[in-house]
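The values are calculated or read from the model by the stated rules, or taken from the named source; none is laboratory data. These figures come from a predicted structure and were not determined experimentally. Note: ideal-geometry Cβ built from the backbone for every residue, glycine included; neighbour counts use all protein chains shown.
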Amino acid sequence: MRVVSVNVGLPRPVAYRGATVQTGIWKHPVAGRVAIVGDNLMGDRQADLRVHGGRDKAVYGYPSEHYPWWRARLPETELSWGAFGENLTVAELFEDRVRVGERFRVGTAELMVTQPRTPCFKLGIKLGRPQIVKEFLRSERSGFYFAVVRPGEIGAGDAIERVHAEPESMTITELVRLGVADAIDAATLRRAIALPGLAEVWRATFAKRLAD
């Protein structure tokens with residue numbers, strides 16, 4: 001497992017349905033070492049902190065192996081590293097093998113898996129394909145968010161080492177399926193709510209569904 005590319009970007013204004021919105025989804029690869037400062041990589045920011053960034057979504061990772069699949073379906077779209085808004089394009093780290101609460105050493109930093117990525121309409125703006133949000137979720141190629149356990153520096157080529165496993169936790173793929181399910185049994189909801197390291201917004205969503 002390794003880092004293929006480190007990608008950062010600052011918010012920019014873009015046109016959307018006759019208005020202007022701010023988005024930080026445009027990321028570009030950077031060379032050399034990149035420091036994690038607080039809940040951001042140096043040179044990276046999010047536009048709407050109500051739904052992006054913060055502790056539980058500090059660093060977004062996306063498998064490089066998904067790119068050929070998307071390129072076959074989006075032949076007219078340029079898909080270079082960072083195209084999906086990820087900070088880390090990674091290799092050999094997949095949604096069905098990554099569990100919430102697991103921690104990884106990446107460069108000199110330590111990161112913890114917190115949740116899948118559920119994209120907003122801005123991914124559709126970026127790729128020029130409004131329906132991509134539904135396609136993205138159906139594909140189960142969501143990528144995963146990390147919280148920062150220990151700051152450090154990260155660079156392309158760095159090894160990714162699992163330093164803490166959570167064998168009883170749910171995988172990112174399992175959470176994606178729960179997130180789009182029309183009905184979830186109470187036992188599964190309780191298990192999800194209790195997952196160590198789960199992003200608080202997901203925990204609250206599952207708790208609400210259990211209470212309803």
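Structural remarks
- Test for D182: is it without any contact (Cβ under 8 Å) to a residue 40 or more places away in the chain and over 18 Å from the mean Cα position of the chain (by Cα): yes
- Some residue of the stretch 81-94 being surrounded by fewer than 20 Cβ atoms within 10 Å (Cβ to Cβ), free of Cβ contacts under 8 Å to residues at least 60 places away in the same chain, assigned to a strand (DSSP E or B) and touching a strand residue (DSSP E or B) at 6+ places or on another chain (Cβ under 8 Å): no
- One residue stands out among those in the stretch 96-134 that are among the acidic types (D, E) and within 27 Å of G32 (Cα to Cα): the one that is surrounded by the most Cβ atoms within 10 Å (Cβ to Cβ), which is E102.
- E92 under 15 Å from the mean Cα position of the chain (by Cα) and either modelled with pLDDT of 95 or more or at negative phi (or both): no
- Top-ranked residue in the stretch 3-46 [being of a type in the set (S, T, N, Q) and within 17 Å of F146 (Cβ to Cβ); ranked as modelled with the lowest pLDDT]: Q46
- Note on the stretch 114-212: enclosed helices (runs of 4 or more DSSP H) holding 3 or more residues that are closer than 23 Å to F94 by Cα and of a type in the set (A, V, I, L, M) are 132-139, 172-180.
- Only a single criterion out of (1) out of contact with any Gly (no Cβ under 9 Å at 6 or more places or on another chain); (2) assigned to a loop (DSSP other than H, G, I, E, B) is not satisfied by T77, namely (1).
- Filter result for V163 (within 17 Å of the chain's Cα centre (by Cα) and β-branched (V, I, T)): no
- The condition of being aromatic (F, W, Y) and modelled with pLDDT under 95 holds for only one of F136, F146, that being F136.
- Looking only at the stretch 179-201, residues that are within 20 Å of P119 (Cα to Cα) and surrounded by fewer than 19 Cβ atoms within 10 Å (Cβ to Cβ) come to 6 in all.
- Qualifying residue in the stretch 111-126 (condition: over 30 Å from Y16 (Cβ atoms), of a type outside the set (V, I, T), in contact (Cβ under 8 Å) with a residue 40 or more places away in the chain and in contact with a strand residue (DSSP E or B) (Cβ under 8 Å, 6 or more places away or on another chain)): yes
- Within the stretch 22-36, residues that are without any contact (Cβ under 8 Å) to a residue 60 or more places away in the chain and surrounded by fewer than 19 Cβ atoms within 10 Å (Cβ to Cβ) have Cβ atoms under 8 Å from residues that are of a type in the set (G, A, S) and assigned to a loop (DSSP other than H, G, I, E, B) in these pairs: Q22/A47; H28/G9; H28/G82, counting only partners at least 6 apart in sequence or on another chain.
- Failed item in (1) farther than 26 Å from R177 by Cβ; (2) at pLDDT 95 or above, with A83 passing the rest: (1)
- The lone exception for R50 - which of (1) assigned to a loop (DSSP other than H, G, I, E, B); (2) touching a helix residue (DSSP H, G or I) at 6+ places or on another chain (Cβ under 8 Å) it fails: (2)
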